[in-house]
1. Of the numbered conditions (1) farther than 14 Å from A:ALA183 by Cβ; (2) in a helix (DSSP H, G or I), A:GLY144 satisfies every one except a single condition; which is it?
2. Just one of (1) at the interface with chain B (Cβ under 9 Å from one of its Cβ atoms); (2) open to solvent by 50 Å² or more (accessible area, probe 1.4 Å) trips up A:GLY572, so point out which.
3. Read through the list (1) surrounded by 14 or more Cβ atoms within 10 Å (Cβ to Cβ); (2) touching a residue at least 40 places away in the same chain (Cβ under 8 Å), then give the number of the only condition that A:SER579 fails.
4. Restricting attention to the stretch A:47-65, which residues are assigned to a helix (DSSP H, G or I) and free of Cβ contacts under 8 Å to residues at least 24 places away in the same chain?
5. Here are some residues: A:LEU298, A:LEU270. Which one is farther than 20 Å from A:ALA350 by Cα and part of a strand (DSSP E or B)?
6. Checking A:SER128 against (1) more than 16 Å from A:SER225 (Cβ to Cβ); (2) in a helix (DSSP H, G or I); (3) open to solvent by less than 30 Å² (accessible area, probe 1.4 Å); (4) among the hydroxyl-bearing types (Ser, Thr, Tyr), which single condition isn't satisfied?
7. If a residue has to be open to solvent by 60 Å² or more (accessible area, probe 1.4 Å), closer than 13 Å to B:VAL27 by Cα and within 14 Å of chain A (Cβ to nearest Cβ) to count, how many in the stretch B:65-95 make the cut?
8. Any residue at all in the stretch A:584-605 that's in contact (Cβ under 8 Å) with a residue 12 or more places away in the chain, at the interface with chain B (Cβ under 9 Å from one of its Cβ atoms) and either open to solvent by 90 Å² or more (accessible area, probe 1.4 Å) or β-branched (Val, Ile, Thr) (or both)?
Amino acid sequence: VAKPLCFPCCVSAGLLGWFLLSLALAGAQGLTPAHHLSLPDVARLQSLLSQQFTDLESAYYSVLGLTKLGAAVSDHKQVCRFIKSQLDPTSIDSVFFAAEASQAISGCEIPVSNETRDILLAAVSEDSTMTQIHRAVSALSSLGLPVASQEVVGALTARINKEDNVMAITSALQTAARLSKQAELGGILEEIEDLTARLDDLGGIYLQFEEGLEATAMFVTAAYSLSDHVDMEPPLKEDQVIQLVNSIFSKKSWDSLAEAFSVASAAAALSNNRFHVPVFVSAQGPATVSHSQPTLQLLVTDVMSQPLASANVLVESAYAVASKSIILNQAPFTLNDGVFELNFMSKQPASGYYQFTIAVTGDSRLVANHVELKVKVSTEVAVANMDLSVVDKDQSIGTKTTRVDYPSKAKSSFTADSHQNFAMSFQLVDVNTGVELTPHQTFVRLHNQKTGQEVVFVAEPDSKNLYKFELDTAERKSEFDSISGTYSLYLIVGDATLENPILWNVADVVLKFVDEEAPATIQAKTLYVPKPEIQHLFREPEKKPPTVVSNTFTALVMSPFLLLLILWFKLGANISNFSFSPSTILFHVGHAAMLGLMYVYWTHLNMFQTLKYLAIIGGVTFLAGNRMLAQKAVKRYVS
Amino acid sequence: MSNSVISVISRFLEEYSSSTPNKLKVVDAYLLYILLTGALQFLYCLLVGTFPFNSFLSGFISCVGSFILAVCLRIQINPQNKGEFLSISPERAFADFLFAHTVLHLVVMNFIG
């Protein structure tokens, strides 16, 4: 009989207070990032950006993208030569790409002529597109040429009214970030809030523009770029920042250089701005500790997987999931070679699962710095006091108890017939602490060596955590199909928190059943064998009477007609008054035709055709009949 | 008792043969014929079973319908009922009889299967 386990209760009021506080904190904390750029992702992004470039635009994306990721651009001189050779001084786009790319690599100066400068300055007007204004202003700024900031602001404000789409306003934000701080950038700064309102919230996890990944990533880059420039916190809530992180970094392969560049820019912006730095906390390897692996190791990085060396990581609280008792409170992690470590086993936790609330502090910019982590403590189990005995049913005292030690097998086999029960008792203890364990899986398997049949039972612990298993041969004979013989007895112990699951052949048991059937080898259930064919039973035709009977009755039914003719003859009915006028003849012909139509209807036609013919014949017959009867009436009146 | 029944019947037959016009007797003979045909069909159904049911129904309804229409014709052409059928001449009655029969036979033929 299984008895319910008693759980240990919460310990003291003080701990209870901390427990409630940690729960409140857990409720107060917001989202944590589901996606970020792991080191392989960053490597992939870098290799995409390092591809050989074919024109100035791809050179711009490659060079600037790699710079933002902190990677080195190979062979600066060759890149510089390429840029200079591809430069078209009359095109704003060309000058923009060349200027920005050359600024990123050292020792590359683009010569600028007066015409180029004039073209760039002329682009700053409300008649140019937003892209042109952005590129012109950026090029001027990169080339070190003076820019009339207030004019630019005026042009941008006018353009925002005309071009209301997301990419245009993002370009405006980028442009404003290149202007002098003395200019009136407040109006453009407000656009960040307007754009934030246009983001789509997907399931509370993602926040993105319907225009796609590139628009979202460039918006994030531009918003933080401008906010850093004017030193005002962007109006993005922490949850929104995390949702943006999820949207931007959920895609792990990028379709175009422009998309890759936008992701790299966003990653750089989010790891290095003055206001919001999202933190990504994950366990290195599985979040499991045991005696052989006593330290819990955490990686604390920004969205680009760069470690946050200046951070302090501590466990605010940790409690056991099963018992809810607090085991850790404000325990700090130590930084060891870029990884944060905590020796959890020193607190000697019992095996099981623990919920950790981890806080990352040390920088006011950190976002999503409270993380919940589930940690598993695993241990090794040992079977102790394994006692096997055969108990007589009449007396409850065991005849002989044999102790077996793991992993050896009992020397002699045990015999149990219908008068006896086979009993087994044991304890499962934690090897390191000696505490009794109740793993999820404790099975006793009996395997018939000859027939291959196996029967599995569950061993259940009593209130003192002592496992007992009893096999009543008479009661259980249906499970065994009453097949007597030698069965190997195995003990199976397993659990998610056990490092050493046990499969132990404890002993051999000879079972004797009454009413034994001839032992047949157990065949695998024939589930997938073709089943017997079903023969379709067609509807039986109804029983018809023999033809003789039908024919007799047909004749019988015809006979009254004969009687009718006889009676009419006797009454003196005749057709001597038949007048041969055309209407009479026509009427009779028509009437006969109608009767013939009835027969044809029965054999060949359907209702619609019949009605059609009936209408024609009937019409004729009616007219003729009308005539004929009128004549008869006249004749009757006259006579 | 049986005496009075027999005398009633013989009296009825006498009255019938003397006072009924010939035309009506012709129609009466037709009625008897229809009646017998219908009765025989019904007897067959009772003896052998209703398969095929639709054919039995159409045959039987044909008899019943014809009987009813013939009775209507007889009522309408009876000279003694002339007062009640002033607007309907015997020819008109006969024409109605024929038209109704056409419709009846259309239905019967449809149902006979």
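1. (2)
2. (2)
3. A:SER579 satisfies every listed condition except (1).
4. Hit for the stretch A:47-65 is A:SER47, nothing else.
5. Unique residue meeting the criteria: A:LEU298.
6. Looking at each condition in turn, A:SER128 falls short on (2).
7. Counting residues in the stretch B:65-95 that are open to solvent by 60 Å² or more (accessible area, probe 1.4 Å), closer than 13 Å to B:VAL27 by Cα and within 14 Å of chain A (Cβ to nearest Cβ) gives 2.
8. Checked against the condition, which is being in contact (Cβ under 8 Å) with a residue 12 or more places away in the chain, at the interface with chain B (Cβ under 9 Å from one of its Cβ atoms) and either open to solvent by 90 Å² or more (accessible area, probe 1.4 Å) or β-branched (Val, Ile, Thr) (or both), the stretch A:584-605 yields no hits at all.
The values are calculated or read from the model by the stated rules, or taken from the named source; none is laboratory data. All values derive from a computational prediction rather than experimental measurement. As a convention, Cβ positions derive from the backbone with ideal geometry for all residues, glycine included, and neighbour counts pool all protein chains shown. Only protein heavy atoms, including side chains, enter the accessible area calculation; ligands, DNA and RNA are left aside. Shrake-Rupley method; radii C 1.70, N 1.55, O 1.52, S 1.80 Å.
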